[in-house]
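Comments concern the structure below.
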Amino acid sequence: MDLLTVRERGREGQLMQDERNGELAEVAESDLMTRRGPFRAVAFRDLYDGNEHLALVRGEPRGQKDVLVRVHSECLTGDVFGALRCECGAQLRSAVDAIADEGCGVLVYMRGHEGRGIGLVAKVRTHVLQDEQGLDTVDSATALGLPVDVRDFGAAARVLHHLGVESVRLLSNNEDKVLALTAHGIKVTGRVPLLEPVDEHNVRYLTAKRDRLGHDLPHLGSLG
């Protein structure tokens with residue numbers, strides 16, 4: 001991908017150009033100090049999905065093979081407020097830790113993926129059905145006439161190409177995510193499990209992800 005400097009209406013930044021399809025996305029980069037040390041923050045507005053996403057980059061992944069990568073779908077309740085009904089916030093922290101320990105890697109934080117793409121208001125409505133009617137994360141969505149998963153990972157692939165990542169080891173329990181990135185031209189050479197502790201608050205959610213969505217969660221055992 002090529003970077004083009006742009007100056008318009010008082011803004012200065014860069015455009016990321018995908019040579020394969022001509023799409024452009026505005027990009028801005030800065031240093032970001034975190035609890036796990038320094039990262040490079042790469043914010044980008046994707047013109048295909050219309051969302052602003054963020055990549056946290058440790059080290060220099062350009063030209064590297066088998067880069068440790070996490071593509072994390074936005075979950076406001078879990079990531080920000082520490083909700084215990086899902087493992088999203090815990091996975092986000094664990095992924096940052098793993099990349100920091102590795103010394104080189106990328107975490108792509110995908111905006112617009114709330115509730116597997118149905119949005120925040122709809123996700124909270126599914127929580128009501130889960131709590132009051134005992135529906136799982138799949139049935140509570142379909143009961144409202146909503147799709148189970150409408151996430152698109154094209155923007156993640158575009159920024160990984162922009163960062164010069166040649167191949168990735170993906171931090172994920174979801175084989176569908178591997179297939180999605182592969183379909184967008186990212187070579188996935190391995191999948192690294194990201195297993196979080198099971199407790200009374202998340203066991204029903206994790207069981208549904210294993211049994212209904214095909215996530216690889218061997219630590220559940222016979223629970224659920």
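Values in this text are rule-based calculations from the coordinates and carry no lab data. All figures in this text were calculated on a predicted structure; none of them were measured in a lab. Every residue, glycine as well, gets a Cβ built from its backbone with ideal geometry; the counts of neighbours run over all protein chains shown.
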What value, in deg cm²/dmol to 500, does the helix sum -39500 (n - 2.57) over DSSP H runs of n ≥ 4 give at 222 nm once divided by the residues of the chain? -8000 deg cm²/dmol
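Once you mark the GluC sites (Glu not before Pro) that are in a DSSP loop and have at most 14 other Cβ atoms within 10 Å, what is the longest gap between them in the chain? The partial results should precede the final answer.
Numbers: sites that count: 19, 200.
With a cap of 14 other Cβ atoms within 10 Å, the longest stretch comes to 20-199.
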Two decimals is fine: what's Rg over Rh for the range 28-73, C-alpha atoms, Kirkwood radius as Rh? 0.99
Evaluated at q = 0.13 Å⁻¹: base-10 log I(q)/I(0), Debye formula over Cα of the range 95-224: -0.64
Rounded to one decimal in nm, the spacing of the 7 Å Cα→Cβ label points at residue 149 and residue 201 is 2.4
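How long are the semi-axes of the equivalent ellipsoid of the range 123-191, taking √(5λ) for every eigenvalue λ of the Cα gyration tensor, in whole Å from largest down?
Output for the range 123-191: semi-axes of 33, 12, 9 Å.
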Taking 7 Å along the Cα-to-C-beta vector as the label spot, tell me the residue 36-residue 131 distance in nanometres, rounded to one decimal. 3.1
Label-zone membership for the range 116-158, site residue 183, 7 angstrom Cα→C-beta point, backbone N under 20 Å: 116-119, 138, 142, 146-158
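How high is the FRET efficiency from residue 211 to residue 104, r the C-beta distance, R0 45 Å, rounded to 0.05? Working shown, then result.
Details: r = 35 Å, r/R0 = 0.79.
The formula returns an efficiency of 0.80 here.
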